[in-house]
Amino acid sequence: MSTLVFLEHHGGELQKGALGVLSKAASLGDDRVAGAVVGSGVKDAAGGAGAYGAQTVYVFDDPRLEAPLPQPRVDALASLVQEEGFDTVLFAASVLSADTAAGLAARLDAGLNWDLVDLAREDGRLVGKRPALSDSVYVDVGWTSEPRIALIRSGSFDPAQTGGTADVQERQADIQDFSLAATMVEQAHEESEGPSIEDADIVVAGGRGLGSPDAFSLVEDLAKALGGAVGATRAVVDAGWYPYSTQVGQTGRTVSPKLYVACGISGAIQHKVGMQGSGVIVAINKDPNAPIFEFSDLGVVGDLHEILPKLTELIRARKGS
Ligand SMILES: Cc1cc2nc3c(=O)[nH]c(=O)nc-3n(C[C@H](O)[C@H](O)[C@H](O)COP(=O)(O)OP(=O)(O)OC[C@H]3O[C@@H](n4cnc5c(N)ncnc54)[C@H](O)[C@@H]3O)c2cc1C
């Protein structure tokens, strides 16, 4: 068994999601676990993957790979998989990874299972776990041929340092002319303060119970005091109160912080599936029968407009700021 993990990077840093998938792959007991870093000026980032279980990291460092476009990455990965004989290729979900995984599946005539939340070896076979029926059940999925390609839902695995070192090998990408037909015209980055909701240890999320977009400042203040990130429900994102990039749930992000504070959120199943992996869930809701209390570790029944400012004040005072 040999697994290759696509190691996505931003700004010279390997992404947490990809390192989580790498850690999971390393825990499955395969003979070979390797990573692939594809980009321009990425050699320095590659070595770090050894600490997360990669025995080998293949680096494709080429100015033509600078833009985060999928097709040149398909060229690089397809030749690597064929030359090295990997039987499994894993991706942590992102827009770039999803496009690259789909292109690789088409190029290698391989099966792709997507939106997996877990992987296991059962009787020597690789089995993927995939939510179905609005995330209310999990189904086992497999592959009928090799290589097996899988796209893992974000936040499914935490990176785990094992302290190893990787053999870093540089490769040349044989990029096809048609793969360079698409070019990046412009790239924009959303400016945000603090950690992203997927990386944050603490997420404070707001729902329709806030009553107005202005009241999101209460959530922001608490998140800032705790050093966390702000999340939102689809109800408030659809209403234009907060950006989609913060939406937690079935059609948003999956988060698994150590602490999740849900403020004025009812706890619909579509929201729950995006945050149920959190370590401790605290809910503030004025309705004692709100479904969120069924899966919260700590519930506060009351008006968030009164509770949040006091909580923020208390935390600031405790932290001495
Ligand atoms: C296909 C599909 C996909 C979806 N994907 C997502 C998704 O990704 N993420 C997501 O979040 N939702 C998703 N939804 C929507 C989901 O079903 C819910 O409608 C949504 O999560 C509800 O958001 P909410 O909890 O903010 O609002 P509500 O359900 O309206 O809940 C508001 C809560 O605030 C409480 N409240 C009101 N006033 C106060 C106050 N002053 N103090 C304290 N509490 C107060 C109320 O008691 C209530 O429990 C999806 C739905 C569908 C059909």
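The values are calculated or read from the model by the stated rules, or taken from the named source; none is laboratory data. On a predicted model such as this, the values are computed, not experimentally measured, just so you know. Note that each Cβ is placed from the backbone with ideal geometry, even for glycine, and that neighbours are counted across all protein chains shown. SASA here: full protein model, heavy atoms, side chains in, ligands and nucleic acids out. Shrake-Rupley method; radii C 1.70, N 1.55, O 1.52, S 1.80 Å.
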I'm checking my understanding of the structure. Among residues of the range 184-223 that are free of Cβ contacts under 8 Å to residues at least 40 places away in the same chain and of a type in the set (D, E, K, R), which one is farthest from Pro72 (Cα to Cα)? Asp214
Would you confirm whether any residue within the range 286-300 is within 7 Å of the ligand (Cβ to nearest atom), assigned by TED's automatic domain parsing to the domain that holds Gly207 and in contact with an Asp or Glu (Cβ under 9 Å, 6 or more places away or on another chain)? yes
If you go through Gly209, Gly194, Gly231, the only one that is closer than 25 Å to Lys310 by Cβ, within 12 Å of the ligand (Cβ to nearest atom) and open to solvent by 30 Å² or more (accessible area, probe 1.4 Å) is Gly209
If you check every pair at least six apart or on different chains, which have Cβ atoms under 7 Å apart with a residue in the range 25-41 that is in a loop (DSSP other than H, G, I, E, B) first and a residue that is of a type in the set (Lys, Arg) second? Leu28/Arg121; Gly29/Arg121
Which of the residues that make up the range 123-165 are in contact (Cβ under 8 Å) with a residue 40 or more places away in the chain, among the small types (Gly, Ala, Ser) and touching a Phe, Trp or Tyr at 6+ places or on another chain (Cβ under 9 Å)? Ala150, Ala160, Gly164
The range 109-186: strands (runs of 3 or more DSSP E) wholly inside it with 2 or more residues that are under 30 Å from Gln247 (Cα atoms) are 111-116, 118-122, 125-132, 137-141, 148-152
Considering only the range 83-97, I want to know if a residue exists there that is in a strand (DSSP E or B), out of contact with any Pro (no Cβ under 7 Å at 6 or more places or on another chain), open to solvent by 40 Å² or more (accessible area, probe 1.4 Å) and at pLDDT below 95. no
Scan the range 266-309 residue by residue and report those that are open to solvent by 60 Å² or more (accessible area, probe 1.4 Å), within 16 Å of Gly211 (Cα to Cα) and part of a loop (DSSP other than H, G, I, E, B). Ser266, Lys286, Asp287, Asp303
Identify, from the list Ala76, Ala54, the residue that is touching a strand residue (DSSP E or B) at 6+ places or on another chain (Cβ under 9 Å) and part of a loop (DSSP other than H, G, I, E, B). Ala54
Could you go through the range 280-300 and let me know if any residue there is over 26 Å from the mean Cα position of the chain (by Cα), among the basic types (Lys, Arg) and farther than 17 Å from Lys224 by Cβ. yes
Return the residues of the range 216-237 that are under 22 Å from Ala317 (Cα atoms) and either in a helix (DSSP H, G or I) or not assigned by TED's automatic domain parsing to the domain that holds Lys310 (or both); say none if nothing qualifies. Phe216, Ser217, Leu218, Val219, Glu220, Asp221, Leu222, Ala223, Lys224, Ala225, Leu226
Output for the range 236-265, where each listed residue is surrounded by fewer than 18 Cβ atoms within 10 Å (Cβ to Cβ), within 12 Å of the ligand (Cβ to nearest atom) and in contact (Cβ under 8 Å) with a residue 24 or more places away in the chain: Ala239, Gln250
So Val203 fits all but one of (1) under 24 Å from the mean Cα position of the chain (by Cα); (2) in a helix (DSSP H, G or I); what number is the exception? (2)
Determine whether the range 273-282 contains at least one residue that is of a type outside the set (D, E, K, R), within 12 Å of the ligand (Cβ to nearest atom) and in contact with a Lys or Arg (Cβ under 8 Å, 6 or more places away or on another chain). yes
Scanning for something near the ligand (Cβ under 9 Å from one of its atoms), open to solvent by 40 Å² or more (accessible area, probe 1.4 Å) and more than 19 Å from Asp201 (Cα to Cα), does the range 312-320 turn up at least one residue? no
